[in-house]
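This report refers to the structure that appears directly beneath it.
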Amino acid sequence: MKIMTVKKYPLLLMLIMLVFTLCKIYFMYFNTFLPSNWISALIRTAIALTAFYFIMNFILFKNNFILKLIFHEFFALVLLSDLLYFKYFNTLPSVAELKMLHIIPSLLDCIRELFKPQYLILFSDILVLIFFHYRSGRRAEAFHKAFRFNFVVALVLLTAIILDSAFYGSNNSYQMYDTYGLLHFHGSQIKNTLISKESYHSSTVLIKSLEKTSTNNIAPQKNFGIAKGRNVIIIQVEALQDFVINRTYNGQEITPNLNKLIKEDSIYFNSYYYNIAKGGTSDAEFSTLNSLYPASDAPSYSKYPNISLYGLPKILKDQNYSTVAFHGFTPEFWNRAEMYPTVGFDHFLSIDKLKRDEIIGWGISDKSMLKQASKYIMKVKQPICAFIVTLTCHYPYNLPTGSKKLKLPEKQSTFIERYLQSVNYTDAALGVFINELKKSSIYENSIIAIYGDHHAIGCSDPSLVNQMTELLGKRYDQSEMANVPLIINIPNSNLHETNSIVGSQLDFMPTMLNLLGIDKGNINFYGQDLNNAKIGFATTQLVFTKGSFIDDEKVFLMSSDGVFENGTAWDRLTKASIGLEECRAGYEKVIKENEECSYLLSNNLLLEYALETDKEIIDNDLPAQTNIMQRFAQLITLALKTH
Ligand code: GP9
Ligand code: MN
């Protein structure tokens, strides 16, 4: 009996670890989301795990129990990271984000808020395994030698199975997740990261691109050039959602300064949506400044660090603007230090260059940062394009007591109330900033755009959804969550508009170019000028699977398995369910544009294509839209050249 135990020990240890890890994966699924095909995911994950544990137990670590335990608990650590990441971003992390591990110490506040004691269950098996090892594991050495051949054969077979699923499976990591589970999701991401170039499968994508670009070239009308030559001040506000605008809470205005700004020569877009994917705040920047779809599988700032772009900052540089970005946090975060010159900023004033006179949360407080930004703007050469990214209103919304100005009931504040306090704080900082500018002629000579980067209140927690539904008086769903305000203030323009056309951060650049009176020429972009567009359209991938969209009437939410027929759709305003068929055209547009944009960016063709077509137009002295066939031929040549 004793001999049996000794002989069985390595196999039993492996089986126990395997079962524990499988249970932990399902614990993680139930706290995030279950793969649609969970039985297939279970079987495939079990097979892949068996292979991993075989390698570990019988080839790598043989009799070293401590290393086996570390390897085993490493899975638990990955699961915990996935879980916490999901709780914050509502999506799973990508391999590219590993580059940012060094900033984890600055995120401790966030991690503490997201962490729940029940997550410790992921590590609770350590004691069981140690107990098992000391009971049975001491005399197991002979076993490995006797059975090594069998194990190697088993290992080869199992590896073949993994390779089959991971390498011949879908290129889309989320479809991998749905059919194969979490392990293969990460595996497919590693594979996609290693094979960075995207395969180009059809020329129709690019033909459509040409047609789209040509319609973008139609001369704009309304408000063209009303801010010509002015300073451009763009403020991307951390976690500013639209529902706080013009709303009172316990009788107090949440954003009195923004509400006031809306009434002063401004256009307020109240059906504007964020357009981000895996890169959070940085994707909002990327999409807004370039009118391009962010990458689906990694933060765009990590995926495209050295790409040739021609977005708003670069266009303005060509109009003799100086360009500067402000953000009161470490410059490496979201790879900004590397990416800002690529986007077109000559200077970047981060926490390393600004005065650290007041720190709240992750970095310099919005009040201090905006004060320093206003001073800088007032002393440098005009015209200037200043891009300011605020930070204080960041999850988990823990303002120091002295900075809280909203009077709330005595009881402990709820999560939503903490957010309202934070957003109220940033609104006050923005108020001071605008008043500072108003003290000089700079203000009248500027166009100031303010928008939110993404949501603050998620909609995966039913209790939060209920509280928000009660607060708003309508169902708090994904479209409410993705709705951020865009306010464009143009002093002395006499514009007092609230525009309810549906738009997204993709539309920012064309909207601004029109107001600045800059001809869009041949620039590749995907948004539209919201002052002149007739039909609104928005898409985002953070809370929605790729293929989802919002238009003026409806919301279409793509199913995570990537099957159109499994999606859901509802009326944007009444929230009543609608038929899927009327969403097919919008869905196809999103997929096509996304693929095309991803192709142009991954192969760094964006500028090359724009320059080629520019040359063509100059040579032929023809307007772009009459030149479709020539441009089509060029693109095909270009596509062939790259393959
Ligand atoms: C950090 C800030 C926040 O620099 O932009 O990023 P987020 O966590 O909101 O994506
Ligand atoms: Mn953010």
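The values are calculated or read from the model by the stated rules, or taken from the named source; none is laboratory data. Everything quoted here is computed from the prediction, not taken from an experiment. Note: ideal-geometry Cβ built from the backbone for every residue, glycine included; neighbour counts use all protein chains shown.
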TODO: Filter the range 367-389 down to residues that are in contact with a strand residue (DSSP E or B) (Cβ under 8 Å, 6 or more places away or on another chain) and not in a strand (DSSP E or B), then give me how many there are.
DONE: 10
- [ ] Return yes when Arg356 is within 16 Å of ligand 1 (Cβ to nearest atom) and either crowded, with 23+ Cβ neighbours inside 10 Å or at pLDDT 95 or above (or both) and no when it is not.
- [x] yes
Open item on the list: Need pairs with beta-carbon distance below 6 Å; first residue assigned by TED's automatic domain parsing to the domain that holds Glu436 and within the range 246-261, second small (Gly, Ala, Ser) and surrounded by 15 or more Cβ atoms within 10 Å (Cβ to Cβ); sequence gap 6+ or separate chains.
Closed with: Asn257/Gly431
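Looking at Ile388, Ile416, Ile457, Ile447, which one is in the same structural domain as Arg247 (by TED's automatic domain parsing), crowded, with 19+ Cβ neighbours inside 10 Å, more than 16 Å from ligand 1 (Cβ to nearest atom) and at negative phi?
Ile447
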- [ ] Please determine, by comparing only the residues of the range 259-275 that are touching a Phe, Trp or Tyr at 6+ places or on another chain (Cβ under 9 Å) and outside any helix (DSSP H, G or I), which one is farthest from ligand 1 (Cβ to nearest atom).
- [x] Phe269
Open item on the list: Being crowded, with 22+ Cβ neighbours inside 10 Å and at pLDDT below 95: is that true of Val543 here?
Closed with: yes
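Tell me whether the range 608-617 contains one or more residues that are at pLDDT 90 or above and not hydrophobic (A, V, I, L, M, F, W, C). Working first, answer last.
Of all residues in the range 608-617, those at pLDDT 90 or above come to none.
So far as the range 608-617 goes, no, none of its residues is at pLDDT 90 or above and not hydrophobic (A, V, I, L, M, F, W, C).
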TODO: Look at the range 258-269 and say how many of its residues are of a type in the set (S, T, N, Q) and surrounded by fewer than 20 Cβ atoms within 10 Å (Cβ to Cβ).
DONE: 1
- [ ] May I ask you to verify whether Tyr425 is in the same structural domain as Ile262 (by TED's automatic domain parsing) and within 16 Å of ligand 2 (Cβ to nearest atom)?
- [x] yes
- [ ] Considering only the range 276-303, state which residues are in a loop (DSSP other than H, G, I, E, B) and surrounded by 24 or more Cβ atoms within 10 Å (Cβ to Cβ).
- [x] Ile276, Ala277, Lys278, Gly279, Ser291, Leu292, Tyr293, Pro294, Ala295, Ala298, Pro299
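Residues checked against (1) β-branched (Val, Ile, Thr); (2) assigned to a helix (DSSP H, G or I); (3) away from ligand 2 (no atom under 16 Å from the Cβ); (4) not assigned by TED's automatic domain parsing to the domain that holds Met509:
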| position | (1), (2), (3), (4) |
| --- | --- |
| Pro305 | no, no, yes, no |
| Ser308 | no, no, yes, no |
| Pro313 | no, yes, yes, no |
| Phe326 | no, no, no, no |
| Trp334 | no, yes, no, no |
| Tyr340 | no, yes, yes, no |
| Phe348 | no, no, yes, no |
